[in-house]
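Working notes, structure below.
The values are calculated or read from the model by the stated rules, or taken from the named source; none is laboratory data. Here the structure is a predicted model, which is why all the values come from computation and not from measurement. Every residue, glycine among them, receives a Cβ derived from its backbone with ideal geometry; neighbour counts consider all protein chains shown. To get the accessible areas, we keep the full protein, side chains included, count just its heavy atoms, and leave off ligands, DNA and RNA. Shrake-Rupley method; radii C 1.70, N 1.55, O 1.52, S 1.80 Å.
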Amino acid sequence: MVTATLLCHRHFLCIYSFFAVAVLFPWRTVAGDSLKLRLLHPSPPPTPQQALLLDSQRLSVLFSSLSSASSAAGKRPEPPIAIAAPVVSGASTGAGQYFVDFRVGTPQQQLLLVADTGSDLVWVRCSACRDCSRHPKGTAFHARRSSSFAPLHCYDRQCRLVPHPHPEQSCPRGRLHSPCRYRYSYADHSTSAGFFSRETATLNASSGQEIRIQQLSFGCAFNVSGTSVAGPAAGGAHGVMGLGRGPISFPSQVGRRYGNTFSYCLMDYTISPAPTSYLLIGDNRENETSVGEGKGGRPSPPPPLRYTPLQTNPLSPTFYYVGVEGASVDGVDLPIGAAVWAMDSSTGAGGTVIDSGTTLTFLPEPAYRQILAAMERRVRLPRVSVGGVGRGSSGPAFDLCVNDTSAGNEPSRRLPRLGLRLAGGALLSPPPRNYFIDTEPGVRCLALQPVSSPDGFAVIGNLMQQGFLFVFDRDRSRLGFSRSGCAA
């Protein structure tokens, strides 16, 4: 494993985009346009018990890696740079994934990628075959078949942004082309290694126009190994689309041309048929829908976004951190000190990550205990015991479950309302269905979990985010959100 790689968490957000006949638009876009990608959740989704176990395993690995990064950083006099610690993947957990049907090359080759809000590198599995007739289409990218494929030279500036398999070796500047080699090592010892290159990718715009993105930097991986990227847990994916905050992530490479902003709405995937979710790259507010009617029967404008600053953790700069300042249950503030939510800049521990790939929400243990006690006092439905539930059972478990069969068609009205007060005065107060989830017919459990590790941090998972528009304004380093709904 390399010692100077990118710290990232798998937190997978995966996307699906639709493509028509390709027409080359070299970055020419319609005013107010954005890239529009459809979000798909795996079917069937993991059960709550599976999600709890898998999320817990992934975060345990991540916390230990963050601790290692902190120890390594303490040995260096200079501050950590963007690429400074082991890549950590939760791909092997299989929870919270979405996929993107990604087309790359000239002519286009279609591959399935996992898109990761907690990493930066875009990479695809590659094949160097000369006679590729025995290789089924869509299993790897065949670089020899693409006229637009171009490996970067090892002295290209962008080559410095990826971890190298042999960083001690110098780059020859002779006439022969010395490709930029990279090697990503994941926490479970899975690897993606190959040539850092440039290619043309094809995506749809919100206007319906098809956009071909030229000279997209990506990893062409000829050597992929390990359960999280090559085994059954990878879900058949052929690579990863990094959506993090680093300079080589997909939003960083294309975002400048679209306002350096991306947004998504995650709809309730337990509904059948599941409503459509989208990810937009650009400052187009298409995801935001109008609510109600204004004067003259015209749709009223959507409510304004509430904003909270995005914070940066120097030891894990890829993640999207937000500042939580307090919590309430049914509007009553809980006595949770500010230090409980704070980030320790020296160790990288603490703080809160907004994440689309973790299913449940994980909170600092002192805060969790206060919230759980308040929920238990205020819940107005019968308590029940479910197999595998409760801290006395082996492995992770749910602490509070209720029987909602007596609540009629609106059990949420009899469940307490959680609120998280964020930096900047914004209040995130999802409906109870976002954190009381069905575990059995007629049974709902509190989908919150404690983080007890001293090296851990809080995570606002995708269940808590459902039904909200989230806007990641990277230029202004802020996160906007609204309950205005999501466009289908």
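Taking the criterion of being in contact (Cβ under 8 Å) with a residue 60 or more places away in the chain, of a type in the set (A, V, I, L, M) and under 19 Å from Lys36 (Cβ atoms), would at least one residue in segment 457-477 satisfy it?
yes
When you check Thr289 against the structure, is it over 28 Å from Asn434 (Cα atoms), out of contact with any Lys or Arg (no Cβ under 9 Å at 6 or more places or on another chain), open to solvent by 10 Å² or more (accessible area, probe 1.4 Å) and at pLDDT below 75, yes or no?
Criteria not met by Thr289.
Quick one: how many residues across segment 367-386 are in a helix (DSSP H, G or I) and under 15 Å from Asp330 (Cα atoms)?
Going through segment 367-386 one residue at a time, the tally reaches 9.
Going through Arg483, Arg478 one at a time, which residue ends up being at pLDDT 95 or above, open to solvent by 20 Å² or more (accessible area, probe 1.4 Å) and among the basic types (Lys, Arg)?
Going through Arg483, Arg478 in turn, just one is at pLDDT 95 or above, open to solvent by 20 Å² or more (accessible area, probe 1.4 Å) and among the basic types (Lys, Arg): Arg478.
Asp404 - would you say it is on the phi < 0 side of the Ramachandran plot, modelled with pLDDT of 90 or more and in contact with a Leu (Cβ under 8 Å, 6 or more places away or on another chain)?
Judged against the criteria, Asp404 is not a match.
Look through segment 163-190, keep the residues that are assigned to a strand (DSSP E or B) and open to solvent by less than 10 Å² (accessible area, probe 1.4 Å), and return whichever of them is modelled with the lowest pLDDT.
Ser185
Give the residue that is farthest from the chain's Cα centre (by Cα), with candidates limited to residues of segment 123-143 that are farther than 15 Å from Asn223 by Cα and surrounded by 13 or more Cβ atoms within 10 Å (Cβ to Cβ).
So, considering only residues that are farther than 15 Å from Asn223 by Cα and surrounded by 13 or more Cβ atoms within 10 Å (Cβ to Cβ), the one farthest from the chain's Cα centre (by Cα) is Cys132.
Any residue at all in segment 149-156 that is open to solvent by 10 Å² or more (accessible area, probe 1.4 Å), assigned to a strand (DSSP E or B), at pLDDT 90 or above and in contact with a Lys or Arg (Cβ under 7 Å, 6 or more places away or on another chain)?
Among the residues of segment 149-156, at least one is open to solvent by 10 Å² or more (accessible area, probe 1.4 Å), assigned to a strand (DSSP E or B), at pLDDT 90 or above and in contact with a Lys or Arg (Cβ under 7 Å, 6 or more places away or on another chain), which makes the answer yes.
With respect to the numbered conditions (1) surrounded by 17 or more Cβ atoms within 10 Å (Cβ to Cβ); (2) under 23 Å from Arg245 (Cβ atoms); (3) of a type in the set (S, T, N, Q), which one is the sole condition not fulfilled by Gln370?
Failing condition for Gln370: (2).
Kindly check whether there is at least one residue in segment 110-121 that is in contact with a Leu (Cβ under 8 Å, 6 or more places away or on another chain) and modelled with pLDDT of 90 or more.
no
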